[in-house]
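Visitor: Can you read through this structure? Questions will come right after.
The values are calculated or read from the model by the stated rules, or taken from the named source; none is laboratory data. What you see is a predicted model; the values in this text were computed from it and never measured. Here the Cβ is made from the backbone with ideal geometry for all residues, glycine too, and neighbour counts use every protein chain on show. Please note that ligands, DNA and RNA were not included when accessible areas were found on the heavy atoms of the full protein model with its side chains. Shrake-Rupley method; radii C 1.70, N 1.55, O 1.52, S 1.80 Å.
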Amino acid sequence: MTQNHIIHPQDFLIDKAALQARRSYKWRHYPADVLPAFVADMDFRVAPAVQAAILETVEAQDYGYPLRGGDRPHLPLATVFAERMALRYGWTVPAEQVIALADLVQGINAAILAFSEPGDGVIVQVPNYPPFRESILTTGRKLVPLEMVRTQGSYGFDLETLEAVIDERTRILVLCNPQNPTGRAFSRAELEAVLVFAERHDLIVLSDEIHADLLYPGARHIPFASLSAAAAARTVTLSSATKGFNIPGLRCAVAAFGTDALLKRFHDRVPSRVLGSVNHIGIDATIAAWTEGQAWLDGVLAHLNAMRDHVAETLRRELPAVRFHLPDATYLLWLDCTDLGIEGTAHDFFLEHARLGFSPGEAFHPDGAKHVRMNFATSKPILDEILERMVKAARANQR
Ligand SMILES: Cc1ncc(COP(=O)(O)O)c(C=O)c1O
């Protein structure tokens with residue numbers, strides 16, 4: 001298949017029986033009668049170039065310790081990442097400042113350990129991807145919340161309020177852009193305000209940009225470290241092909257340090273041996289995704305865009321009490337079900353009464369029990385079944 005081949009949903013959709021036969025967390029976590037719409041996997045086949053790269057390693061049975069580019073087996077990965085950042089965003093990061101990790105959350109944990117002490121404050125947007133909260137609390141740091149507030153038609157955050165709650169022991173700001181679960185892709189003005197704040201308080205910024213490839217029309221991704229040399233000097237950018245190209249189980253991510261000095265500071269506290277290493281299959285799949293996967297990604301994004309609009313129209317028409325904003329990016333929808341009048345958590349309600357497996361809102365926000373996060377990266381028939389079950393259960397409850 002050439003780069004220019006137009007990808008249609010039939011090229012990547014998988015039927016329900018095949019999905020149910022998978023060994024994935026998404027399709028095995030809940031009982032078989034529950035339709036899963038939670039963890040950030042897509043119900044899609046991968047890009048042909050990704051599959052071909054994996055098959056090549058498998059057919060050659062090339063399972064030894066990897067060695068590429070001398071003693072840094074992941075240097076080609078770092079190089080492709082750096083080239084991609086330069087091409088897409090005009091952001092220059094030397095490949096030598098990019099390290100490979102088996103998973104991105106490991107990078108967040110390691111950077112928290114490297115750049116702060118127990119008891120220090122770590123700012124994180126709330127609601128947030130639950131492992132961020134876990135990373136902060138299990139390392140004995142203090143979680144300092146930056147609330148994502150609902151604005152007219154979107155979500156924003158208020159740095160003035162944050163100013164009032166931080167102190168001189170606040171060391172790190174975890175930025176998730178595009179944000180999980182609200183789907184916001186932040187504007188340059190918003191990011192610049194974060195930078196001014198980070199400079200004023202001398203914060204290290206851990207910028208998780210894992211969802212950056214999944215942008216809807218009109219949205220733009222700006223790597224935080226690309227704002228200025230001063231921004232880069234205090235930023236660790238974390239990324240991978242796992243969300244955009246649907247290979248989360250292959251365990252391969254990168255952490256890009258804005259300067260050599262920042263990388264050195266990191267390694268002074270976290271020896272590379274502590275981080276584990278990546279494998280041939282993860283490296284090759286990621287490189288294939290980033291260099292040959294664009295036609296596939298364009299096809300997937302067109303489908304996700306249609307599904308996003310379909311969910312939005314259906315919920316607005318059938319369940320107007322559910323409040324949400326359209327995401328700028330990603331296939332996740334943060335649904336406020338407060339006005340449905342559910343007793344108990346929204347997650348448990350839909351699990352029990354609709355046999356739907358959403359992500360529980362309380363995992364993303366301490367006050368989020370009346371929210372759920374929905375994953376709409378599936379086929380239209382499965383999505384329709386999800387919506388039908390959801391509407392039916394919510395209406396029966398309202399009566
Ligand atoms: C914002 C964010 N960061 C990190 C991850 C997971 O990355 P990894 O599996 O590489 O730890 C996810 C997965 O959904 C995510 O949404």
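Visitor: About its Cα centre, what dipole magnitude does the range 184-254 give when the only charges are +1 on Lys and Arg Cβ and -1 on Asp and Glu Cβ, stated in debye to the nearest 20?
Guide: Here the range 184-254 has a charge dipole of around 140 debye.
Visitor: Decide, for the range 1-160, between rounded, prolate and oblate: order the square roots of the alpha carbon gyration tensor eigenvalues as a ≥ b ≥ c, take rounded if a/c falls under 1.5, and otherwise choose prolate if a/b is larger than b/c, else oblate.
Guide: Verdict is oblate for the range 1-160.
Visitor: While we're here: Alpha carbons only, please: Rg and Dmax for the range 34-129, in angstrom.
Guide: For the range 34-129, the Cα-based Rg and Dmax read 18.1, 50 Å.
Visitor: Now a separate question. With the convex hull built on the Cα atoms of the chain, state its orientation-averaged projected area in nm².
Guide: If I average the Cα hull's projected area over directions, I get 19.5 nm².
Visitor: Ordered by packing density, taken as the mean number of other Cβ atoms within 10 Å over each peptide's residues, highest first, how do 171-180, 140-149, 286-295 rank?
Guide: 171-180, 286-295, 140-149
Visitor: Check which residues have an amide H placed less than 5 Å from Thr170's amide H, if you skip close sequence neighbours.
Guide: Amide H to amide H, under 5 Å and 5 or more residues apart or across chains, Thr170 pairs with Gly121.
Visitor: For Asn180, what residues show an amide H to amide H distance below 5 Å, using hydrogens built from the backbone and excluding near sequence neighbours?
Guide: Tyr129
Visitor: With a Förster radius of 30 Å, plug the Cβ-Cβ distance of Asp298 and Asp15 into 1/(1 + (r/R0)^6) and report the FRET value to the nearest 0.05.
Guide: 0.85
Visitor: Same structure again: Along each of the three principal axes of the Cα atoms of the range 237-285, give the extent in whole Å, ordering the values from largest to smallest.
Guide: Taking max minus min along each principal axis of the Cα atoms, the range 237-285 gives 33, 21, 13 Å.
Visitor: Long-range amide H contacts for Val144: which residues qualify at under 5 Å (H placed 1.01 Å from N, peptide plane, sequence gap of 5 or more or a different chain)?
Guide: It is Val122, Ile123, Val124, by chain and number.
Visitor: For the range 330-399, take the alpha-carbon Rg, divide it by the Kirkwood Rh, and send me Rg/Rh.
Guide: Over the Cα atoms of the range 330-399, Rg/Rh equals 0.95.
Visitor: Rounded to the nearest 500, what is the 222 nm mean residue ellipticity of the chain from helices alone, with -39500 (n - 2.57) per DSSP H run of 4+ residues and division by all residues?
Guide: When only DSSP H runs of four or more count, the value is -12500 deg cm²/dmol.
Visitor: Here is a further query. Before I look further, what does the range 64-292 give for accessible area per residue, probe 1.4 Å, in whole square angstrom?
Guide: The answer is 39 Å² per residue.
Visitor: Ignoring ligands, DNA and RNA, please state the percent of accessible area on the chain from carbon and sulfur, probe 1.4 Å.
Guide: It is 53 percent, rounded to a whole number.
Visitor: Which of the helices in the chain, when you take each full DSSP H run, stretch at least 30 Å along the axis at their Cα atoms and have an average Kyte-Doolittle score of -1.0 or higher?
Guide: Counting only whole DSSP H runs, the qualifying helices are 294-318.
Visitor: Follow-up. Tell me, in nm to one decimal, what length is gained between Thr92 and His5 on full extension, where the rule is 0.36 nm per residue of separation less the Cα-Cα distance?
Guide: 28.3 nm
Visitor: Given N residues in the range 64-292, what is its alpha carbon radius of gyration divided by 2.2 N^0.38 Å?
Guide: 0.97
Visitor: Right, something else. If the range 144-206 were replaced by its equivalent ellipsoid, with semi-axes equal to the square roots of 5 times the Cα gyration tensor eigenvalues, what would those be, largest first, whole Å?
Guide: Square roots of five times the eigenvalues give 20, 12, 11 Å.
Visitor: Need one value: the accessible area of Arg200 in square angstrom, 1.4 angstrom probe, rounded to the nearest 10.
Guide: Using a 1.4 Å probe on the heavy atoms, I get roughly 140 Å².
Visitor: Still on this structure: Short version: what are the Cα gyration tensor semi-axes of the range 276-399, square root of 5 times each eigenvalue, largest first, in whole Å?
Guide: 32, 18, 12
Visitor: Would you list the P(r) distribution for the range 263-333, with all Cα-Cα distances sorted into 10 Å bins from 0 and each bin expressed as a whole %?
Guide: 15, 25, 22, 21, 15, 2
Visitor: Which of the peptides 229-239, 303-313 is most tightly packed, and how do the rest follow, judged by the mean count of other Cβ atoms within 10 Å per residue?
Guide: The most tightly packed comes first, giving 229-239, 303-313.
Visitor: For Arg169 and Ala189, calculate 0.36 nm times their separation in residues minus their Cα-Cα distance, and state this gained length in nm to one decimal.
Guide: Separation in residues times 0.36 nm, less the Cα-Cα distance, equals 4.6 nm.
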